[in-house]
Amino acid sequence: MLETERREKKQKIELFNDHFQNYKVYGIPKAQLVIADIPYNLGNNAYASNPQWYIDGDNKNGESKLANKEFFDTDKDFRIAEFMHFCSKMLKPEPKETNKAPAMIVFCAFEQMHMVIEYGQKYGFMKSYPLVFIKNYSSQVLKANMKIVGATEYAVVLYRDKLPKFNNGKKEGESGKMIFNWFEWKRDSKNEYPKIHPTQKPVNLLKRLIEIFTDEGDVVIDPVAGSATTLRACAELNRSCYGFEIKKDFYKDAKEIMLKDWELKCKKNNIQMDMQRSTENWQQDKFI
């Protein structure tokens, strides 16, 4: 049943080891939603205030190999104009119907939000609003006795003119659920999803956002896919998703761990469903 439904919807989950600027080579369809976790430009302060700066998390042991290191070498030279140009080309055109317009969600540092909004406007995304994600933990452990520590993440929803597609459970003649502009940021269980990237976003959080802004069968694009959690979330929600990841090591881990893990779970579930059907058929035959 699961495989049949996916074939009917023509679901595709594809990750490319390439820069998103080369998208024309792959002939991918335009998206209902773009989700991107752009580099925060932390440079060699990526692990600042984090115990990983020191060996075994203790400053008495001296600095670790992560001290004065960046998360990845693409963190410092991300070109926001090229990113916005890509999004302007690869998001669906503005439709005539209401509740069908596309959108983009850009995760970024608080300090980058104004820049994201400003560049978005230059490329036709004239409207936006912020999202805040609240954690119950902080990576700034080393500053715990010095100041109030950060425990939030941020994103900006951008769109051209019409309000984007919005799913809040509304039914004809009834009101849907009010959705606030803040969300709980809960870590994924390691038993459920592998951790393969230093700035990996929770799959369950991405699933919630994808459900709000898209329907089954819609297309989602992640131009800076990293761990491919966006692709994993779409795979589980029956949305097609295309991602680009320029770093070979992250691409390899995403393909061989994050997405392979989903494939193995699908096969396991299909086997279990087949076994269940066989049992049901045997019980029906028994009483005929």
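The values are calculated or read from the model by the stated rules, or taken from the named source; none is laboratory data. Quick caveat: nothing in here was measured; it's all calculated off a predicted structure. Virtual Cβ from ideal backbone geometry, glycine too; neighbours counted across all protein chains shown.
Structure notes:
- Complete set of residues in segment 176-220 that are among the small types (Gly, Ala, Ser) and either part of a strand (DSSP E or B) or free of Cβ contacts under 8 Å to residues at least 24 places away in the same chain (or both): Gly176, Ser189
- Filter pass, Glu153 being surrounded by fewer than 16 Cβ atoms within 10 Å (Cβ to Cβ) and either modelled with pLDDT of 95 or more or part of a loop (DSSP other than H, G, I, E, B) (or both): no
- You will find that of Ile148, Ile134, the residue that is at pLDDT 95 or above, β-branched (Val, Ile, Thr) and either exposed (fewer than 14 other Cβ atoms within 10 Å of the Cβ) or outside the structural domain of Asn99 (by TED's automatic domain parsing) (or both) is Ile134 and no other.
- Subset of segment 233-264 (residues that are of a type in the set (D, E, K, R) and either crowded, with 24+ Cβ neighbours inside 10 Å or closer than 20 Å to Pro102 by Cα (or both)): Arg239, Glu245
- Residues of segment 10-34 that are part of a strand (DSSP E or B) and within 27 Å of Ser128 (Cα to Cα): Ala31, Leu33, Val34.
- Filter pass, Thr199 being buried (at least 24 other Cβ atoms within 10 Å of the Cβ), more than 16 Å from Val157 (Cα to Cα) and either in contact with a strand residue (DSSP E or B) (Cβ under 7 Å, 6 or more places away or on another chain) or assigned by TED's automatic domain parsing to the domain that holds Cys266 (or both): no
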